[in-house]
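All remarks here apply to the structure that follows.
Just so it is clear, none of the values below were taken in a lab; they were calculated from the coordinates. Please read all numbers here as calculations on a predicted model, not as lab measurements. All Cβ positions, glycine included, derive from the backbone under ideal geometry; neighbour counts span all protein chains shown.
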């Protein structure tokens with residue numbers, strides 16, 4: 001009996017140890033691959049995770065910038081949009097010389113993913129449509145888009161000072177969004193001390209070193225551009241990391257209300273702390289002063305939050321009315337409310353709630369007259385040629 005058992009019991013035991021280890025590793029890898037494929041299929045069928053790659057890198061002026069010459073796609077259940085950043089990191093097919101062409105005026109846009117045109121085809125973006133609308137009115141104008149996903153006012157200011165002002169814009173237009181309150185605290189680029197705005201951190205480049213290394217891999221880029229599972233994990237991890245970083249920098253700035261531990265689980269659209277409001281006001285004041293120093297017009301356009309297809313909630317009103325009265329503020333909330341209908345989507349609903357092409361049309365109509373009437377653009381009007 002024992003001899004029979006020995007003959008039939010374990011052909012595997014007769015294999016070399018290395019072969020058995022290799023087989024074990026293959027089984028583990030197979031299980032991992034199977035699990036990932038199952039998870040990918042589950043996310044695609046149940047969650048429908050949007051794929052919104054952010055091709056960003058470091059810049060000499062210390063904040064993130066779009067990767068020059070990058071080409072990629074964004075996919076949601078509502079839209080598939082091609083993206084291209086030029087050699088200067090702008091979403092444009094053109095490259096702009098630093099010196100303005102004779103007789104041309106420039107409008108510089110600063111914003112996050114809304115002005116960058118996430119979930120939009122290029123001809124549907126605000127930057128493209130603003131330039132076309134101004135040209136149709138007889139202005140010889142170029143619109144330069146310095147928007148980078150995830151930016152707040154502090155990063156706009158660093159980009160303006162370190163890069164954008166070299167292009168001599170005649171009009172500077174800042175986008176404002178509710179997330180800017182948190183972004184301005186989180187970056188740690190500036191702090192308020194005794195009510196005065198002071199530079200703080202020299203750079204704000206979260207995870208960029210790792211991102212630069214990963215982007216060298218074509219396998220990573222393929223996964224980032226196509227896997228809903230990867231994008232699901234990245235978005236959720238990034239959301240937690242952002243909240244944690246905000247808590248750290250809020251505490252460092254002495255903002256106990258904004259830096260409490262409970263904020264790790266706070267709602268994305270929680271009311272801003274008094275410190276975050278004051279900091280944001282000071283940053284917008286700084287931006288206005290920088291534009292005035294360069295003899296450029298300065299405007300701020302708010303992108304309100306959609307509550308429903310017919311209701312839209314402003315956030316910049318958390319700032320004091322006295323301060324808002326000092327800004328050239330464009331608030332399209334009334335126009336969006338008037339245009340909203342239950343059967344009309346002014347914001348896309350299956351991605352990250354960016355503006356739809358119709359929504360872009362509404363904010364363009366709300367802002368066009370104000371921008372076109374800026375006295376600095378009049379020298380570029382067709383009547384002058």
inquiry  = At a 10 angstrom cut-off on C-beta neighbours, averaged per residue, how do the peptides 209-218, 135-144 rank from highest to lowest?
reply    = 135-144, 209-218
Simple spin-label estimate for residue 39 and residue 313 in nanometres, 7 Å along Cα-Cβ = 3.2 nm
Least to most buried among 112, 182, 58, 369 (fewest other Cβ within 10 Å first) = 369, 58, 112, 182
task = Return one number: the angle in degrees, 0 to 90 and rounded to the nearest 10, between the long axis of the Cα atoms of helix 153-162 and the longest principal axis of the Cα atoms of the chain.
result = 70 degrees
task = Within 10 Å of each residue's Cβ, count the other Cβ atoms and sort 155, 358 from fewest upward.
result = 358, 155
query = Using the count of nearby Cβ atoms within 10 Å as a rough guide to exposure, how do 348, 173, 368 rank from fewest to most?
reply = 368, 348, 173
query = How far, in degrees from 0 to 90, does helix 357-372 lean away from the longest principal axis of the Cα atoms of the chain, to the nearest 10?
reply = 30 degrees
query = In Å, what is the Rg of the alpha-carbon atoms in the range 268-359, and how long is Dmax?
reply = 15.3, 46
ask   = If you average 1/r over all unlike Cα pairs in the range 89-188 and invert the result, what Kirkwood radius do you get in angstrom?
value = 14.0 Å
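First measure r as the distance between the Cβ atoms of residue 99 and residue 235, then evaluate 1/(1 + (r/R0)^6) with R0 = 30 Å and state the FRET efficiency to the nearest 0.05. The partial results should precede the final answer.
Working: r = 41 Å, r/R0 = 1.36.
The pair residue 99/residue 235 has a calculated efficiency of 0.15.
By its C-alpha gyration tensor, with a ≥ b ≥ c as the square roots of the eigenvalues, how is the range 195-338 shaped: rounded for a/c under 1.5, else prolate for a/b larger than b/c, else oblate?
Note, shape of the range 195-338 comes out prolate.
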message = Place a point 7 Å from the Cα of residue 225 along the Cα-to-Cβ direction; which residues of the range 84-125 have their backbone N under 20 Å from it?
response = 84-94, 117-123
task = Pop a pseudo-label 7 angstrom from the Cα along the beta-carbon direction at both residue 378 and residue 84 and give the gap in nm to one decimal.
result = 3.8 nm
key: Estimated FRET transfer efficiency when R0 is 56 angstrom, pair residue 32-residue 337 (beta carbons, to 0.05)   = 0.65
inquiry  = Quick check: the angle from helix 274-293's long axis to the longest principal axis of the chain, C-alpha only, nearest 10 degrees?
reply    = 60 degrees
message = Please list, short to long, the whole-number percent of alpha-carbon pairs of the chain in consecutive 20 angstrom bins beginning at zero.
response = 25, 53, 14, 6, 2, 0
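Between residue 252 and residue 353, what length in nm is gained on full extension when 0.36 nm per residue of separation is reduced by their alpha carbon distance? Could the numbers behind the result be given before it?
Working: separation 101, 0.36 × 101 = 36.36 nm, distance 3.18 nm.
Net length gain for the segment: 33.2 nm.
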